[in-house]
Amino acid sequence: AGEHAQHHEQVGALVRVVGATASEATRGQARLAAAARTGLARGRPWRLAALGALLLAVRPAAPLFGGALALDHEAHPVLGWGIDLAVAQGRVRTTLGEASVLVAWASAVATARARAGISTLEVGVGARAGLARIAGEPANPSAVEAGSILGLVAGPLVTARVAIEPWRGLFATLRAESFFVAVPTGGLVGGVREIALEGPGLSLSAGAGVRW
């Protein structure tokens, strides 16, 4: 009877060991699956996105519409960096007619992120700099001489981004950016500074991209 009990005890111990091993293997597979979803385990830390953008930065208030290309790198499981090139344009009413505004600039940001399933939330800080062109278009060209100005615009920014990756290597993203144009460019209308890219601004963009 003692030998029989000892045999059952050994079998029970074997079952417990096997069960523990299987449990550890299951946990390991779960960890690998979670890591794979991050893209890092698959060696896919780069992201490239094409975005449509709305820019609010002109005084007097007028929307600028455009697009951007954004490249991001996940250098660490929770940290990364990104750069983008953006162009936006629009029209502003003035006391003597209208003015066209074109801005082309680039940004660089450092980001931190958190993941939940197929969703990723990122926040970051950085800076943006580029060129802005303001060209006057008078309502009465025979009475008013038109002119244009090309100047530097630059300043700091903060950003928040959400991305969803429903399929491997493909994602959709929504981004909001608050910035301050500390180096402004402005134009004169009838000798008075009426138009400028200066002070606080907001950019909203949405698009899709690939991860590799």
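The values are calculated or read from the model by the stated rules, or taken from the named source; none is laboratory data. Quick caveat: nothing in here was measured; it's all calculated off a predicted structure. A quick note on method: Cβ atoms are made from the backbone with ideal geometry, for glycine too, and the neighbour counts reach across all protein chains shown. The protein model used for the area step is the full one, side chains on, heavy atoms only, and it has no ligands, DNA or RNA in it. Shrake-Rupley method; radii C 1.70, N 1.55, O 1.52, S 1.80 Å.
Which residue pairs have Cβ atoms under 9 Å apart, sit 6 or more places apart or on different chains, and have a first residue in the range 96-115 that is assigned to a strand (DSSP E or B) and a second that is aromatic (Phe, Trp, Tyr) and open to solvent by 50 Å² or more (accessible area, probe 1.4 Å)?
Between residues of the range 96-115 that are assigned to a strand (DSSP E or B) and residues that are aromatic (Phe, Trp, Tyr) and open to solvent by 50 Å² or more (accessible area, probe 1.4 Å), the close pairs are Ala108/Trp81; Val109/Trp81; Ala110/Trp81; Thr111/Trp81.
Give Leu64, Leu79, Leu55, Leu85 a once-over and let me know the one that is modelled with pLDDT of 65 or more, open to solvent by 50 Å² or more (accessible area, probe 1.4 Å) and touching a Leu at 6+ places or on another chain (Cβ under 7 Å).
It is Leu85.
Take the residues in the range 125-152 that are β-branched (Val, Ile, Thr) and open to solvent by less than 50 Å² (accessible area, probe 1.4 Å), then tell me which one is nearest to Gly191 (Cα to Cα).
Val144
Only residues that are under 16 Å from Pro45 (Cα atoms) and among the basic types (Lys, Arg): list them for the range 75-121, please.
Selection gives Arg113, Arg115.
Pairs please, first residue from the range 124-152 and in contact (Cβ under 8 Å) with a residue 24 or more places away in the chain and farther than 30 Å from Ile83 by Cα, second anywhere and assigned to a loop (DSSP other than H, G, I, E, B) and open to solvent by 40 Å² or more (accessible area, probe 1.4 Å), Cβ atoms under 7 Å, 6+ apart in sequence or on different chains.
Once the first residue is in contact (Cβ under 8 Å) with a residue 24 or more places away in the chain and farther than 30 Å from Ile83 by Cα and sits in the range 124-152, its partners that are assigned to a loop (DSSP other than H, G, I, E, B) and open to solvent by 40 Å² or more (accessible area, probe 1.4 Å) give Gly136/Ala146; Gly136/Gly147; Glu137/Ala146; Pro138/Leu96; Pro138/Val144; Pro138/Ala146; Ala139/Leu96; Val144/Leu96.
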